[in-house]
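The values are calculated or read from the model by the stated rules, or taken from the named source; none is laboratory data. Source: prediction; values computed, not measured. Cβ atoms come from the backbone with ideal geometry, glycine included; neighbour counts cover every protein chain shown. These accessible areas exclude ligands, DNA and RNA; they are computed on the full protein's heavy atoms, side chains included. Shrake-Rupley method; radii C 1.70, N 1.55, O 1.52, S 1.80 Å.
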Amino acid sequence: MATQTPTIDSQVHAYERNRPERPWSGFLQGPDEVTGDDMVAAMDAVGVDGALLVSPFSMYRYDASYALEVYAKYPGRFGLIKPFDPQSEAVADEVAEWAATPGVVGARIMLSAQPFEADDPGLSRILTAGAKAGIPVNIMCSGKLPLFRELARRHPDTRMVVDHVGLAQPFEPPAPPDPFGDLDNVISLAAYDNVAIKISGACTLSHQPFPYPDIWEPLNQVFEAFGFERCLWGTDWTRAVNLLTYEQGVEAFRVTDELSDAECAALMGGSLAAIYNWSPDVGG
């Protein structure tokens, strides 16, 4: 009997209410809290088997302690990713230690957090350490795609993953007037075999209501350039909460006629499982 490909969300966040014991460093668009319990309930309601749980930089910066707590409660449901500080002299050791932690599947760089050059030693340390540890490095790079391209060229042995289609995405409606205006730069990254791309939060770029038909023409260009084996669907929940429901972010990719069954299976879980070497424990 054929085994069904698990549905895996390439990016979700969980966090507690702001409290002295674990204070927020900033603010992430969304509810006052989205606990691990809340995230699992949302996934269960729409048949999402697992997700990459990304410790939210906006709130916790480089502290992934809450994500680790969620994983401890739901080890079969989440693979863990956290951002790293390029200014830390010990960042290579920090990546290695993180990669050896149960549940960890990747690291993250926030190129949008500060000005960087391609020869930044901290970026190089993180990317080199990711390759050595065998984990993908996820990169928040909207507005910094030429820099990402140069980093990919310099680090061909590092699996690098573009966050959020590589495009600036809104926190509130409406979508930007030209949400796919930087698409040529996104497409150019496909030339590097070590680069994959998250199709996460894409529904928030639509000017039309569910099921967001106007996103498919530009997304099909991304699929054509990268191939479905390097494209990973995701919701970026809960950043998108003021633009759509979690169910809509999932179902838009299930109800469309733009994807064959095989393409949908690859995009919504199969390719992620291969790139991150991780799948949820569907039976656990």
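Assorted remarks:
- Taking Cα centre as origin and charging only the Cβ of basic (Lys, Arg, +1) and acidic (Asp, Glu, -1) residues, the dipole magnitude of the chain rounds to 540 debye.
- The range 1-60 and the range 151-215 have their alpha-carbon centroids 20 Å apart.
- Calculated log₁₀ intensity ratio I(q)/I(0) where the Debye formula runs over C-alpha points of the range 168-260, q = 0.12, 0.14, 0.18 Å⁻¹: -0.35, -0.48, -0.81
- Sparse-neighbourhood loop sites, GluC sites (Glu not before Pro) in the range 58-109 - DSSP loop, at most 13 other Cβ within 10 angstrom: GLU89
- List THR245, THR235, ordered by accessible area with a 1.4 Å probe, largest first: THR245, THR235
- Volume per residue of the convex hull around the Cα atoms, evaluated for the range 104-247, comes out as 112 Å³.
- Positive-pole candidate from TRP278, PRO218, PRO173, dipole of the range 166-284, charges at beta carbon: TRP278
- Taking every lysine pair in the chain that is 8 or more places apart or spans two chains, those with Cα atoms closer than 19 Å amount to 4.
- Plainly put, the range 39-184 has a radius of gyration that is 0.98 times its Kirkwood radius, both from alpha-carbon atoms, as the Rg/Rh ratio.
- Evaluated at q = 0.14, 0.30 Å⁻¹, a Debye calculation over the C-alpha positions of the range 164-222 (equal weights, vacuum) places log10 I(q)/I(0) at -0.37, -1.45.
- Shape category assigned to the range 1-102 from the gyration tensor of Cα positions, a/c cut at 1.5: oblate
- For the range 13-25, backbone phi angles converted through the Karplus equation (6.51, -1.76, 1.60; θ = phi - 60°) give residue-by-residue couplings of 10, 9, 7, 8, 4, 4, 8, x, 5, 8, x, 6, 8 Hz, Gly and Pro being listed as x.
- Mean ellipticity per residue at 222 nm, deg cm²/dmol - from DSSP H runs of n ≥ 4 across the chain, formula -39500 (n - 2.57): -9000 deg cm²/dmol
- Debye, to nearest 20: dipole size of the range 153-282, +1 on Lys, Arg Cβ, -1 on Asp, Glu Cβ: 460 debye
- The convex hull defined by the C-alpha atoms of the chain has an orientation-averaged projected area of 14.1 nm².
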